[in-house]
1. Which residue fluctuates most in the GNM of the chain (Cα springs below 10 Å): ALA247, ALA149, ALA268?
2. Please report SER89, SER358 as a ranked list, fewest other C-beta atoms within 10 angstrom at the top and most at the bottom.
3. Of the residues ALA17, ALA279, ALA370, which exhibits the maximal mean-square fluctuation in a Gaussian network model of the chain defined by a 10 Å Cα contact cut-off?
4. Taking neighbour counts of Cβ atoms within 10 Å as a proxy for exposure, in what order, fewest first, do LEU240, LEU353, LEU320, LEU226 appear?
5. Please name whichever of ALA43, LEU23, GLY106 sits farthest to the positive end of the charge dipole of the chain, dipole taken about the Cα centre and charges placed at Cβ: Lys and Arg +1, Asp and Glu -1.
6. Under a Cβ-only charge scheme (Lys and Arg +1, Asp and Glu -1), can you give me the dipole magnitude of segment 201-392 about the Cα centre, in debye to the nearest 20?
7. Between segment 22-43 and segment 67-115, what is the C-alpha centre distance in whole Å?
8. In a Gaussian network model over the chain where Cα atoms closer than 10 Å are linked, find which of GLY278, GLY106, GLY125 has the largest mean-square fluctuation.
Amino acid sequence: MNLLARLGRAGAVVTVATTAANLLAYLAPLLGARQLAPADFSALATVLALCAVFGVPSQGLQTAVAVRVARGERMSTTRLGLATAAVTSGVLLLLGPLLVANLYLGWNVIVLTAALVFPVVVCGGWLGVLQGQQLFGRLAIGMILLGLARFAGIITGILLGQSVAGILLLGVAGSMLGVLPIMLLVPRDEAPVPGRIAREVWACVLAMVAMLVMSYMDVIAARHLLSPVASAEYAVLSVLTKGAMWAPQVVTVLALPHLAARRRHALALATAAIAVVGAVLVAAATLFSELALRFAGGAQYVHLASYAPMFAVTGAAYALAFLFINTRIAYGAKYPSWPAWLAVGGFAAAVLLLPTPSIQAIVTCAATSAVVCLLICVGTLIWRGKSAKASACEPASQPPIYYDVPRSNTDTSLA
């Protein structure tokens with residue numbers, strides 16, 4: 001009971017922190033649309049999208065570090081964070097000519113965007129230490145501080161009526177100042193950076209990108225295949241997908257350290273928790289579909305109520321699939337993201353072969369791809385578990401390796 005109480009408190013504080021960070025992310029474009037001229041707002045929205053894309057390495061770094069720390073390893077993450085941030089911002093600058101030519105952004109905007117991304121990525125390593133050590137109270141504070149670091153300066157610039165460059169300059173100043181308190185939350189550790197961590201960070205980044213692509217591939221397909229009106233309707237309905245997908249995100253955050261340490265029943269409990277949340281949200285989307293659509297898009301979209309349950313089911317399936325992708329990372333898979341990329345490819349092939357594209361057809365393809373990804377992940381876990389148990393029965397010069405027993409120096413690839 002004490003453990004459940006601790007997990008409940010940890011879940012509550014992380015949920016509050018996630019909600020606060022997301023509100024800050026929504027507040028910046030909300031204010032920008034009202035305060036800026038259309039051309040400036042379009043440029044700022046593009047910059048915010050670039051920051052979201054190039055912020056993915058921060059999530060990958062956090063996950064990779066959290067897994068290592070949860071297994072009992074000690075490491076100093078500052079240098080690792082600086083190196084990851086330097087590579088990320090460097091890639092953004094290398095893409096500068098392409099972005100300037102195609103997105104109509106000035107070089108000053110590109111440079112400021114790279115500077116804005118840099119401290120955000122560095123923070124990923126520090127948050128990973130807090131997550132891996134299960135210091136969820138500090139992690140929640142760090143998440144709120146990171147949200148402030150990313151958006152407080154930008155929001156201030158918008159309210160002061162600055163140009164896009166001025167807004168970004170205040171954003172960079174805010175991000176540089178905002179990350180310093182996060183560093184103070186992390187226990188000091190002078191241990192060296194472990195070997196092979198760069199490969200693990202890269203694998204985690206690819207997994208985060210795969211999950212991001214899965215999250216938006218149906219909306220992009222709807223934009224390409226449907227009429228403008230139908231694609232707008234799909235975009236409104238997709239709000240229900242995103243809600244069912246991200247609502248149980250806190251379960252994955254709490255479960256990751258336990259999965260990495262091979263805690264007994266950790267995966268079963270996390271799966272059950274996400275399934276229950278998903279079932280509740282699907283039921284709510286079924287019973288209150290008109291209210292949900294009125295909130296998501298307005299009264300003009302209430303006629304789409306019959307689609308609401310399917311979109312909620314799709315989000316719930318994504319949530320379970322993402323839990324198992326994170327489980328593959330925690331268990332040490334060399335290529336944890338390949339089931340997700342396979343699902344993305346299958347979805348692309350399926351929607352392009354649709355004889356008559358429609359809202360129902362596209363969301364069905366999306367739900368099917370999520371289920372396929374989930375089944376592949378479950379299948380690889382079962383297969384690896386049986387292989388490990390079988391190898392334990394064979395004579396060998398080394399002690400038997402059991403899949404469910406924590407270990408740090410054995411190859412646990414699921415790929």
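1. Per the Cα network of the chain with a 10 Å cutoff, ALA268 tops the list.
2. Placing the least packed residue first, the sequence is SER358, SER89.
3. Among ALA17, ALA279, ALA370, the largest GNM mean-square fluctuation belongs to ALA279.
4. In order of increasing Cβ crowding within 10 Å: LEU353, LEU226, LEU320, LEU240.
5. Value: LEU23.
6. Once rounded to the nearest 20, the dipole reads 880 debye.
7. The distance from the Cα centre of segment 22-43 to that of segment 67-115 comes to 23 Å.
8. GLY106
Laboratory data are not the source of any read-out in this text; all were calculated from the coordinates shown. The shown structure was predicted, so the numbers you read here are calculated from the model rather than taken from an experiment. Cβ sites come from the backbone with ideal geometry, for glycine too, and all protein chains shown count toward neighbours.
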